[in-house]
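A.B. asks: Pasting a structure here, questions to come.
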Amino acid sequence: QVQLVESGGGLVQAGDSLRLSCAASGRTFSRRAMAWFRQAPGKEREFVATITWSGSRTYIADSVKGRFTISRDNAKNTVYLQMNSLKPEDTAVYYCATDPLYSGTVGDEYHYWGQGTQVTVSS
């Protein structure tokens, strides 16, 4: 089993930055790809970013490319989502996810999820 706990969300103004963290415990963290998703009220869950287990490769959704970056610190069992130039449309609950076999953009393929952290961006 893997437990994921997100933190770092909050209420910010448009143009501000936030860094989300996802702390993992349980089975080996460093051998798993990690991903961030988000879900806004009334909308479907949306892929945001993923990072390989080594951290050498990342993939960022077009909707946030150039503003968001994903990174990880395997020594701390933590993955990060740095969010810059935030916009009101970034308002959502942000979730981290992992899976022993999958590292893509389809949320349903991930077996382990955190509880989410709320990000609210005011205009």
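The values are calculated or read from the model by the stated rules, or taken from the named source; none is laboratory data. Small disclaimer: the values here were computed from a predicted structure and weren't measured. Don't worry about glycine lacking a Cβ; one is built from the backbone with ideal geometry, like all the others, and counts go over all protein chains shown. Calculation scope for accessible area: heavy atoms of the full protein, side chains included, ligands and nucleic acids excluded. Shrake-Rupley method; radii C 1.70, N 1.55, O 1.52, S 1.80 Å.
A.B. asks: For residue 16, what residues show an amide H to amide H distance below 5 Å, using hydrogens built from the backbone and excluding near sequence neighbours?
C.D. replies: Excluding prolines and chain starts, which carry no amide H, the hits are 86.
A.B. asks: Over the chain, what is the percentage of antiparallel beta bridges among all DSSP beta bridges, to the nearest 5?
C.D. replies: 90 percent
A.B. asks: Quick one: 3J(HN,Hα) in Hz for region 110-116, Karplus 6.51/-1.76/1.60 with θ = phi - 60°, rounded, Gly and Pro as x.
C.D. replies: Per-residue couplings from phi come out as 8, 8, 10, 9, x, 7, x Hz.
A.B. asks: Right, another one. Express the accessible area of the chain per residue in Å², computed with a 1.4 Å probe while the remaining protein chains stay in the model.
C.D. replies: Result: 53 Å² of accessible area for each residue.
A.B. asks: Which shape class applies to region 72-118: rounded if a/c is under 1.5, otherwise prolate when a/b exceeds b/c and oblate if not, where a ≥ b ≥ c are the square roots of the Cα gyration tensor eigenvalues?
C.D. replies: Verdict is oblate for region 72-118.
A.B. asks: While we're on this one: Starting from region 1-34, pick out the trypsin sites (Lys or Arg not before Pro) whose DSSP state is loop and whose Cβ has at most 16 other Cβ atoms within 10 Å.
C.D. replies: Counting only loop positions with at most 16 other Cβ atoms within 10 Å, the trypsin sites (Lys or Arg not before Pro) in region 1-34 are 27, 31.
A.B. asks: Using Cα pairs under 8 angstrom and six or more residues apart, how large is the relative contact order of the chain, in percent?
C.D. replies: In percent, rounded to a whole number, it is 36.
A.B. asks: At 1.4 Å probe size, with the rest of the protein present, what percent of the exposed accessible area of region 61-115 is carbon and sulfur atoms?
C.D. replies: 48 percent
A.B. asks: Karplus couplings for region 60-71 from phi (6.51 cos²θ - 1.76 cosθ + 1.60, θ = phi - 60°), rounded to Hz, Gly and Pro as x?
C.D. replies: Here the 3J(HN,Hα) series is 10, 4, 4, 5, 10, 4, x, 10, 10, 9, 10, 8 Hz.
A.B. asks: What does region 1-68 give for Rg and for Dmax, in Å, if only its C-alpha atoms count?
C.D. replies: Answer for region 1-68, Rg first and Dmax second: 13.5, 38 Å.
A.B. asks: Now, a different point. In a solvent-free Debye calculation with one equal scatterer on each Cα, what is log10 I(q)/I(0) for the chain at q = 0.13 Å⁻¹, listed in the order of the q values?
C.D. replies: Result of the Debye calculation: -0.44.
A.B. asks: Further question: Between 47, 95, 26, whose Cα lies farthest towards the positive end of the dipole of the chain when Lys and Arg beta carbons carry +1 and Asp and Glu beta carbons carry -1, centred on the Cα centre?
C.D. replies: It is 26, whose Cα lies furthest towards the positive end.
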